[in-house]
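Peer 1: Below is the structure I would like to discuss, written out as structure tokens.
All of the numbers you see were taken from the coordinates with simple rules; none came from a lab. Since we're looking at a predicted model, the values are computed, not measured. So basically every Cβ, Gly included, is an ideal-geometry build from the backbone, and we count neighbours across all protein chains shown.
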Amino acid sequence: MKRNVPIFGLAIGILFPMIGVIVMYFVKFKGVPFAEYIVSLFSNGKLGSMVLSLSALLNIIPFLYYTNKRLDMTARGIMVATLLYFVLFVLIKFVWN
């Protein structure tokens, strides 16, 4: 499989923050049912934006890795995914309150 393609980076960039949301659930909200946790992320703007921004920070790890390996197209895909998470962050924080 060719790794220096933007779609591969987009998949990685979407996957890492999802893992971050799940880790945040097990660390801070393990007494709450998972479905209720997800609903509260979208209904509570402050909580949702906090969890989403912290989990989007995980994209730094693969971004730096692929940038150092000179796989720039994959790093570009990770950056696009991070920007999509930023748009979601703005929507949760300011629009969907």
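Peer 1: Before rounding to the nearest 500, sum -39500 (n - 2.57) across all DSSP H runs of length at least 4 in the chain and divide by the residue total; then give [θ] at 222 nm in deg cm²/dmol.
Peer 2: Roughly -24500 deg cm²/dmol at 222 nm, from the helical runs in the chain.
Peer 1: Still on this structure, please answer the following. Positive end of the charge dipole of the chain (Lys, Arg +1 and Asp, Glu -1 on Cβ, about the Cα centre): tell me which of 4, 85, 26 has its Cα farthest that way.
Peer 2: Ranked along the dipole, the leading option is 4.
Peer 1: Compute the acute angle (0 to 90°) between the alpha-carbon long axis of helix 45-56 and the principal axis of greatest extent of the alpha-carbon atoms of the chain; round to the nearest 10°.
Peer 2: So the inclination is approximately 30 degrees.
Peer 1: If the cut-off is 22 Å between C-alpha atoms, which lysines fall inside it for residue 2, apart from same-chain ones fewer than 8 positions away?
Peer 2: 69
Peer 1: Which value in nm describes the separation of the simple spin-label points at residue 80 and residue 68, placed 7 Å from the Cα toward the beta carbon?
Peer 2: About 2.5 nm separates the two model spin labels.
Peer 1: What is the local net charge at residue 47, summed over the other residues whose Cβ is closer than 11 Å to its Cβ (Lys, Arg +1; Asp, Glu -1)?
Peer 2: Net charge around residue 47: +3.
Peer 1: Also, quick follow-up: Compute the signed sum of charges (Lys and Arg +1, Asp and Glu -1) over the other residues within less than 14 Å, Cβ to Cβ, of residue 71.
Peer 2: Result for the local shell: +4.
Peer 1: Something else about it: Measure nothing but the geometry: give the 0 to 90° angle between the long axis through the Cα atoms of 72-90 and the longest principal axis through the Cα atoms of the chain, rounded to 10°.
Peer 2: 20
Peer 1: Here's a follow-up. Could you size up the charge dipole of the chain around its Cα centre, putting +1 on the beta carbon of Lys and Arg and -1 on that of Asp and Glu, and report it in debye to the nearest 20?
Peer 2: 240
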